[in-house]
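Chemist: Before we start, here is the structure in question, set down as structure tokens.
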Amino acid sequence: MTEKLNKLLSQQKKLQKKIEQKETTLRQSFFENAKKRKERTRLLIQKGALLDKYFESNHLSIVETEELLKIFANYVNVNKPDQYKKKKSND
């Protein structure tokens, strides 16, 4: 009987250790995702600030800003210097 009890206690310790490892992995993943979200949010805020600065669009609504950008999007994309074009991956 004590042998079974010891075996069960050993299994319990192993399972508890696995649970702790999974919890640690989940916490790390959560913090990494939160960090990525914060970085993306910061980037979007910076780009929005540049849009307001150079297009003087801070008085426009979201819809009006989108309409303004649609007007110039084709021209900008066609005349964009190569250094600013999206790099194509070799798939």
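Chemist: Among the listed pairs Lys22/Lys85; Lys14/Lys36; Lys22/Lys86; Lys38/Lys87; Lys22/Lys47; Lys13/Lys35, which are separated by more than 30 Å between their Cα atoms? Please list the in-between numbers first.
Modeler: Working: Lys22/Lys85 42 Å; Lys14/Lys36 33 Å; Lys22/Lys86 38 Å; Lys38/Lys87 25 Å; Lys22/Lys47 37 Å; Lys13/Lys35 33 Å.
Over 30 Å apart, Cα to Cα: Lys22/Lys85; Lys14/Lys36; Lys22/Lys86; Lys22/Lys47; Lys13/Lys35.
Chemist: Does anyone have the angle between helix 62-79 and the longest principal axis of the chain? Alpha-carbon axes, 0 to 90°, nearest 10?
Modeler: Rounded to the nearest ten degrees, it is 80.
Chemist: Now for a different question. Work from the charge dipole of the chain (Cβ charges, +1 for Lys and Arg, -1 for Asp and Glu, about the Cα centre) and give the residue of Gly48, Leu68, Gln11 farthest towards its positive end.
Modeler: Gln11
Chemist: Additional query: Taking DSSP loops as anything outside H, G, I, E and B, show the longest stretch in the chain free of trypsin sites (Lys or Arg not before Pro) there with at most 11 other beta carbons within 10 Å.
Modeler: Details: sites that count: Lys85, Lys86, Lys87, Lys88.
In short, 1-84.
Chemist: Something else about it: Cα convex hull of the range 27-91: how many Å³ per residue?
Modeler: Working: hull volume 10.3 nm³, N = 65.
Per-residue hull volume (Cα only) is 159 Å³.
Chemist: Let me ask something else. What accessible area per residue, rounded to a whole number of Å², is obtained for the range 23-73 using a probe radius of 1.4 Å? Mind dumping the intermediate values first?
Modeler: On the way: 4810 Å² over 51 residues.
Using a 1.4 Å probe on heavy atoms only, each residue of the range 23-73 averages 94 Å².
The values are calculated or read from the model by the stated rules, or taken from the named source; none is laboratory data. Given the structure is predicted, the values throughout are model-derived calculations rather than measurements. Neighbour counts run over all protein chains shown; Cβ positions are idealised from the backbone, glycine included. Heavy atoms of the whole protein, side chains included, go into the accessibility calculation; ligands, DNA and RNA do not. Shrake-Rupley method; radii C 1.70, N 1.55, O 1.52, S 1.80 Å.
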